[in-house]
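Structure first, then comments.
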Amino acid sequence: MKTPFLAYSASQRLAALAKSPVDFFQSGCLTPDRIHSYRSLEEGMMLSYATERVDEEVLHALEDLANEAELGKKMEEMQRGEIVNQIEGWPGENRPALHTACRDLFGTPQSSIPAYQAAEFSRKELEKIGNFLEKTSFHTLVLIGIGGSYLGPKAHYQALLSYKKSGRQVHFLANMDPDEAAAVLGQLTDLAGTWVAVVSKSGGTLETIVNEELVRSHFVAAGLDARQHFVTVTTPGSQLDDPSRYLERFYMGEWVGGRFSSTSACGLLPLGFAFGMPVVGEFLAGAHAMDQLARESSVKKNLPLLAALLGVWNRNFLGYPAEAILPYSYALQFYPLHLQQLAMESNGKRVQKNGEFVDFATSPILWGEVGTNAQHSFFQLLHQGNAPSSLVFLGCKEPTRKEANPSSQEKLLANLFAQMISLATGQAADNPNRFFPGNTPSHLLFAERLDPKTLGKWLAFFEHKVAFQGFLWGINSFDQEGVQLGKVLAKKIVEDWQDQQPYPLARAYLESIVASSVHG
């Protein structure tokens, strides 16, 4: 049986060290020397962790934990295409997790057969996307999808808007709420120049099916041949893999999880349309570079591994139940939502891969907002509240848009650094209302500029951070059984309503709502 997370000897050392962590409230603890020493520079990025509550002893213990748990070996196995999506002795997906193969298009690819075949599959789909977009005369795209088919693609589209080709527009439709569909359809002023990408790995996602039929009927009502405007991104053989309904079919492999699908056809189709294939190439190259770095044996050089270990130190040993994502870049305004799904759908688990329940914390609650908006929203709680959260700051030296004001960028960075320092060091005061306890742990991921290659690196950085933490906790980061229960029940209720046999509990809710409407 594999060693449970807390039974590692390094885990026991860390538990002891956590009783007296670094205390930034003490004068002189956070120094310029510490800031210069507690950072790692790799691939044009800096991971600064001077404001994490660690010292050399803690860092050595974390490195020993990574070695004891064989995290490097597990990353190699994942990227080779070994089956990692499984729970031993129980039915499940039993698949590889080969999202890295989607960008293994540079230099010599992985030599293992599963990884090589997945990379070739991805290369062909990328060529198909390029050929399709080269011929298209459409100027507007509506992407219909939800979860990983929506959050990652929209986050990366928003991040790269300064690279958008003239005259191109992309709209996203995810929620089954009819108001959202009406809002999107209301913006489509030229249906003849609009195409729709229906994205679902399984082909059976209820929200996507409902929204597709709604949008398809909109085209039919306008007298258009819907097939000439609709494409799909799905897996081969799914119910969406139907040439009679779609102008073109693009494919994802079964070995790509939805939340890891931003570098598959799911995410690349809208990016290629909006920004052009050269931008897609840079995005993929950045992700591939980080995939290579995630295989680095040195913990200090392996940025996603180092960040994963710092997160585990905060979550499991210092007891922080939440992690705030704070991008000091307007371009990344949608990124906390993507990272919420990536982390919590992957590692929000209570069952180990050996089938036993865990007796330790797994994924923290992720949340966040773009700075400095966040400072005028929830930073009061971070500074003086009693609901603790560790923090991840994202920032760039230069603004994303060339026409942006450099003086404003300097002030933005001044706020970023001021928050990291003040949250760590706090403030002593006789007035209790002006007392700040400090010691809020944080680290900073920093780059020169948020260009397509950097964005690809950041995407893969967070994907690998999540994977490393799942490997360490011994859980399966690549399934999502917790998403299914409510979906199955909702489908049953809909079917019962259509048969005039309402599901009893749903009927109770309806009756309660009607009563409120009558007597309110």
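The values are calculated or read from the model by the stated rules, or taken from the named source; none is laboratory data. From a predicted model like this one, the values you see are computed outputs, not experimental measurements. Every residue, glycine among them, receives a Cβ derived from its backbone with ideal geometry; neighbour counts consider all protein chains shown. Remember, those area values only see protein heavy atoms, side chains included, never the ligands or the DNA or RNA. Shrake-Rupley method; radii C 1.70, N 1.55, O 1.52, S 1.80 Å.
Assorted remarks:
- Single match in L71, L41, L65, L47 (criterion: out of contact with any Pro (no Cβ under 8 Å at 6 or more places or on another chain), closer than 21 Å to S389 by Cα and modelled with pLDDT of 95 or more): L47
Residue-by-condition table, conditions (1) part of a helix (DSSP H, G or I); (2) farther than 18 Å from E207 by Cα:
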position	(1), (2)
L224	no, yes
Q228	yes, yes
T232	no, no
S238	no, no
Y246	no, yes
R249	no, yes
G253	no, yes
R259	yes, no
C266	yes, no
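- For the stretch 93-116, a residue qualifies if it is more than 24 Å from the chain's Cα centre (by Cα) and crowded, with 16+ Cβ neighbours inside 10 Å, and the qualifying residues are P109, Q110, S112, P114, Y116.
For (1) assigned to a helix (DSSP H, G or I); (2) in contact with a strand residue (DSSP E or B) (Cβ under 6 Å, 6 or more places away or on another chain); (3) of a type in the set (A, V, I, L, M, F, W, C); (4) open to solvent by 10 Å² or more (accessible area, probe 1.4 Å), each residue gets a yes or a no:
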site	(1), (2), (3), (4)
I325	no, yes, yes, no
H338	yes, no, no, no
L342	yes, no, yes, no
E345	yes, no, no, yes
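- Filtered by the rule that a residue be of a type in the set (F, W, Y) and not in a loop (DSSP other than H, G, I, E, B), the stretch 141-191 gives Y157, Y163, F172.
- Each residue in the stretch 452-496 was checked for being open to solvent by 50 Å² or more (accessible area, probe 1.4 Å) and under 21 Å from the mean Cα position of the chain (by Cα), and 5 of them qualify.
- If you filter the stretch 434-443 down to residues that are open to solvent by 10 Å² or more (accessible area, probe 1.4 Å) and either of a type in the set (D, E, K, R) or part of a loop (DSSP other than H, G, I, E, B) (or both), you find that the one that is farthest from K74 (Cα to Cα) is R434.
- All positions within the stretch 203-230 that are at positive phi and either at pLDDT below 95 or open to solvent by less than 20 Å² (accessible area, probe 1.4 Å) (or both): G203
- Taking the stretch 357-381 as the range and being acidic (D, E) and touching a residue at least 60 places away in the same chain (Cβ under 8 Å) as the test, only D359 passes.
- Residue that is nearest to E88 (Cα to Cα) [pool: residues in the stretch 352-384 that are open to solvent by 50 Å² or more (accessible area, probe 1.4 Å) and in a strand (DSSP E or B)]: F357
- Condition met for N431 (open to solvent by less than 20 Å² (accessible area, probe 1.4 Å), polar (S, T, N, Q) and at pLDDT 95 or above): no
- Only one of the numbered conditions (1) among the β-branched types (V, I, T); (2) part of a loop (DSSP other than H, G, I, E, B); (3) modelled with pLDDT of 95 or more is violated by V198, and that is (2).
- Here F446 fulfils each of the conditions (1) crowded, with 22+ Cβ neighbours inside 10 Å; (2) under 18 Å from the mean Cα position of the chain (by Cα) apart from (1).
- Screening S162 on (1) over 30 Å from A343 (Cα atoms); (2) among the hydroxyl-bearing types (S, T, Y); (3) open to solvent by 20 Å² or more (accessible area, probe 1.4 Å) shows it passes everything except condition (1).
- Checking every residue in the stretch 44-60 against the condition of being crowded, with 19+ Cβ neighbours inside 10 Å and touching a Gly at 6+ places or on another chain (Cβ under 7 Å) gives zero matches.
- Pairs with Cβ under 9 Å, 6+ apart, first in the stretch 102-123 and under 17 Å from F250 (Cβ atoms) and modelled with pLDDT of 95 or more, second β-branched (V, I, T) and assigned to a loop (DSSP other than H, G, I, E, B): C102/V256; C102/T263; R103/T263; A118/V256; S122/V256; S122/T263
- Complete set of residues in the stretch 299-312 that are open to solvent by less than 20 Å² (accessible area, probe 1.4 Å) and out of contact with any His (no Cβ under 8 Å at 6 or more places or on another chain): V299, N302, L303, L306, L309, G311, V312
- Residues being assigned to a helix (DSSP H, G or I), at negative phi and without any contact (Cβ under 8 Å) to a residue 40 or more places away in the chain are entirely absent from the stretch 385-401.
- If you go through the stretch 281-298 and pick out every residue that is part of a loop (DSSP other than H, G, I, E, B) and open to solvent by less than 10 Å² (accessible area, probe 1.4 Å), you end up with 1.
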